[in-house]
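Asker: One structure coming up, written as structure tokens, with questions to follow.
The values are calculated or read from the model by the stated rules, or taken from the named source; none is laboratory data. These numbers come from a predicted model, not from an experiment. Heads up, the Cβs are rebuilt from the backbone with ideal geometry, glycines too, and the neighbour counts pull from every protein chain shown.
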Amino acid sequence: MPQVLSNARLAPLDAPEDRLIEAGAVVIEGGRILWAGPGAELPGEFTGAARQDMEGRLVTPGLIDCHTHLVFGGDRAGEFEARLNGASYEEIARAGGGILSTVAATRGADEAALVAAALPRLDALIAEGVTVVEVKSGYGLDLDTELRMLRAARALGRLRPVTIVTSFLGAHACPADYKGRADAYLDEVCLPALRAAHAEGLVDAVDGFCEGIAFDTTQIARLFDAARALGLPVKLHAEQLSHMGGTALAARYGALSADHVEYATEADASAMATSGTVAVLLPGAFYALRETQAPPVAAFRAHGVPMALATDLNPGSSPLHSLVLTMNMGCTLFRLTPWEALRGVTSHAARALGLPDHGRIAAGAVADLAVWDVASPAELCWRIGFNPLHARYRKGERC
Ligand code: DI6
Ligand code: FE
């Protein structure tokens, strides 16, 4: 039986224009959107259907967090304190802390412990209208733990009404026992773990960290070749702390996204536009690391590169658990417009995950929706640390 959400201020995000539909209606059936548009144009076949009055609230697609490291063991509060005392993120990493300290804690946690630790983080996102969350591995750096992280991520999607999309991030850092032997780590651990995880159905995409403290472009190219051989899409942490050429490489491989991209250039933006690669901006990491180099938003705009926004939720560089706050940060720190921020957590985030039937309110799309006690995208982005969610629908169910 179809149901109609009526009297909504609809932000459909289904076209390049910033467009609100006043007194809009959305028809839902079987977890999909059958029709959306001005209530006055509701097709006659639906006028007798069950109605829920949105009372003029803003209705957007359910939010999509397209870049998180949600599953991990332990915490990094001590590192937070060390950075307040002057240590840099890279110094801590080179001294064996940083990502590698989370690797030690994650290796020591079984699947149930990883799930239990991740659930409150996931619940914080869900409470703000998030309906799709990408989750990366990358704190195992050995076969068993990489697979365990991905199994934990899949388990989260069975425990909560949310869609989980996984990325294999075995090339996140080089573990201590392979220090200075990144190529051997790739051949002996990372690529075999990727193949094993793929064989178990645990991998939706392949990610890497291209940086001085991680892997270079030649090594990432080998990872991407392996992904391609398995038929898996790729994405990359690129140009976060320095310009390494990862963005251009990602574009050459037709990557879904290049993420962080603070140090990307105009030429990188042009290459991304050609390949259709989404720029995923992560203001939480920019803020937490007190970076000063902002991503080249003007170049992305000029070249028509779609920009997404995500939390990068992780214990080290971005312990950020709010996608609504991320929108505010995208506006304040990177000068996105509120509409760009909203697109960044809906239609462009869906594109970054290769999910064309998510992130917009249009006939045929999945009926993931967020209903807000606000009147406009600007009002949604404006406050700092306030959650205006009124209701959330996942696959047509209010939950
Ligand atoms: N870039 C990031 O921001 C996260 N991973 C990455 O490659 C940080 C991960 C961490 O510090 O634990
Ligand atoms: Fe990240």
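Asker: Against the condition more than 16 Å from ligand 1 (Cβ to nearest atom), at pLDDT 95 or above, under 20 Å from the mean Cα position of the chain (by Cα) and more than 18 Å from residue 171 (Cα to Cα), how does residue 124 come out, does it pass?
Answerer: Yes.
Asker: Let me ask you something else. Filter the stretch 334-379 down to the residues that are farther than 23 Å from residue 206 by Cβ, part of a loop (DSSP other than H, G, I, E, B) and of a type in the set (Asp, Glu) and list them by number.
Answerer: Once the filter is applied, which keeps residues that are farther than 23 Å from residue 206 by Cβ, part of a loop (DSSP other than H, G, I, E, B) and of a type in the set (Asp, Glu), the stretch 334-379 yields 368, 373.
Asker: Please specify each residue of the stretch 315-330 satisfying the condition of being polar (S, T, N, Q) and within 16 Å of ligand 1 (Cβ to nearest atom).
Answerer: 317, 318, 326
Asker: Report whether or not residue 212 is away from ligand 1 (no atom under 15 Å from the Cβ), small (Gly, Ala, Ser) and surrounded by fewer than 19 Cβ atoms within 10 Å (Cβ to Cβ).
Answerer: So residue 212 does not fit the description; no.
Asker: Oh, and also: Give the residue that is farthest from ligand 1 (Cβ to nearest atom), with candidates limited to residues of the stretch 68-92 that are under 23 Å from residue 257 (Cβ atoms) and out of contact with any Leu (no Cβ under 6 Å at 6 or more places or on another chain).
Answerer: Filtering the stretch 68-92 for residues that are under 23 Å from residue 257 (Cβ atoms) and out of contact with any Leu (no Cβ under 6 Å at 6 or more places or on another chain), the one farthest from ligand 1 (Cβ to nearest atom) comes out as 72.
Asker: Go through the residues of the stretch 64-74 one by one and say whether even a single one is at pLDDT 95 or above, of a type outside the set (Phe, Trp, Tyr) and not in a loop (DSSP other than H, G, I, E, B).
Answerer: yes
Asker: What residue, of 346, 311, is within 27 Å of residue 138 (Cα to Cα), within 16 Å of ligand 1 (Cβ to nearest atom) and touching a residue at least 60 places away in the same chain (Cβ under 8 Å)?
Answerer: That would be 311, the only listed residue that is within 27 Å of residue 138 (Cα to Cα), within 16 Å of ligand 1 (Cβ to nearest atom) and touching a residue at least 60 places away in the same chain (Cβ under 8 Å).
Asker: Okay, moving on. State whether the residues of the stretch 262-285 include one that is within 16 Å of ligand 1 (Cβ to nearest atom) and of a type in the set (S, T, N, Q).
Answerer: Within the stretch 262-285 (the criterion being within 16 Å of ligand 1 (Cβ to nearest atom) and of a type in the set (S, T, N, Q)), the answer is no, since none of the residues qualifies.
Asker: Can you pull out the strands (runs of 3 or more DSSP E) entirely within the stretch 204-291 that have at least 3 residues that are within 16 Å of ligand 2 (Cβ to nearest atom) and among the aromatic types (Phe, Trp, Tyr)?
Answerer: none
Asker: Among the residues of the stretch 361-391, write down those that are crowded, with 23+ Cβ neighbours inside 10 Å and of a type in the set (D, E, K, R).
Answerer: Matches in the stretch 361-391: 368 only.
Asker: While we're here: Taking only the stretch 75-128 into account, find how many residues are touching a Gly at 6+ places or on another chain (Cβ under 8 Å), part of a loop (DSSP other than H, G, I, E, B) and surrounded by 20 or more Cβ atoms within 10 Å (Cβ to Cβ).
Answerer: The qualifying residues number 3.
Asker: Would you call residue 10 at pLDDT 95 or above, under 30 Å from residue 237 (Cα atoms), hydrophobic (A, V, I, L, M, F, W, C) and buried (at least 22 other Cβ atoms within 10 Å of the Cβ)?
Answerer: no
Asker: I'm checking my understanding of the structure. Among residues of the stretch 131-186 that are of a type in the set (Lys, Arg) and away from ligand 2 (no atom under 16 Å from the Cβ), which one is surrounded by the most Cβ atoms within 10 Å (Cβ to Cβ)?
Answerer: 148
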